[in-house]
Amino acid sequence: MTVRAYVFIETVPGKPAQVADAAAKLPGVKMAHAVTGSYDVIAFIEAESVTALGEFISTHIHRLPGVLKTTTNVVVG
């Protein structure tokens, strides 16, 4: 079953656009946008399982230059 999630990303100052562009190019990322508000980037990701989602975020999203931290909200409906 496909797991879908919104990942809210905090970046270092001046990097939201670059992080959004880099995230959008990753496989499984359906969209990523630099935004205003409490977070700097919002990405929508699909993965094969919750485990795969966690591994993807740890190995791909967290390693993008400029990423400070993430908050993940899994879609339940």
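Structural remarks
- Accessible surface of the range 10-55, 1.4 Å probe, proportion on carbon and sulfur as whole %: 55
- Taking only Cα atoms of the range 24-63, radius of gyration then Dmax in Å: 10.6, 30
- Residues of the range 6-55: accessible area per residue with a 1.4 Å probe, Å²: 56
- Of 48, 55, the order by accessible heavy-atom surface (1.4 Å probe, DNA, RNA and ligands excluded), from most exposed downward, is 48, 55.
- Taking only the Cα atoms of the chain, the radius of gyration and Dmax are 11.4, 37 Å.
- Cross-link reach is defined here as a Cα-Cα straight distance under 18 Å, omitting same-chain residues fewer than 8 places apart; for residue 69 the aspartates and glutamates meeting it are 10, 21, 40, 55.
- Here the chain carries DSSP beta bridges of which approximately 100% are antiparallel, counting only pairs with both residues inside.
The values are calculated or read from the model by the stated rules, or taken from the named source; none is laboratory data. Predicted, not measured: the structure shown is a model, and the values here were computed from it. The area values use the complete protein model at the heavy-atom level, side chains included, leaving out ligands, DNA and RNA. Shrake-Rupley method; radii C 1.70, N 1.55, O 1.52, S 1.80 Å.
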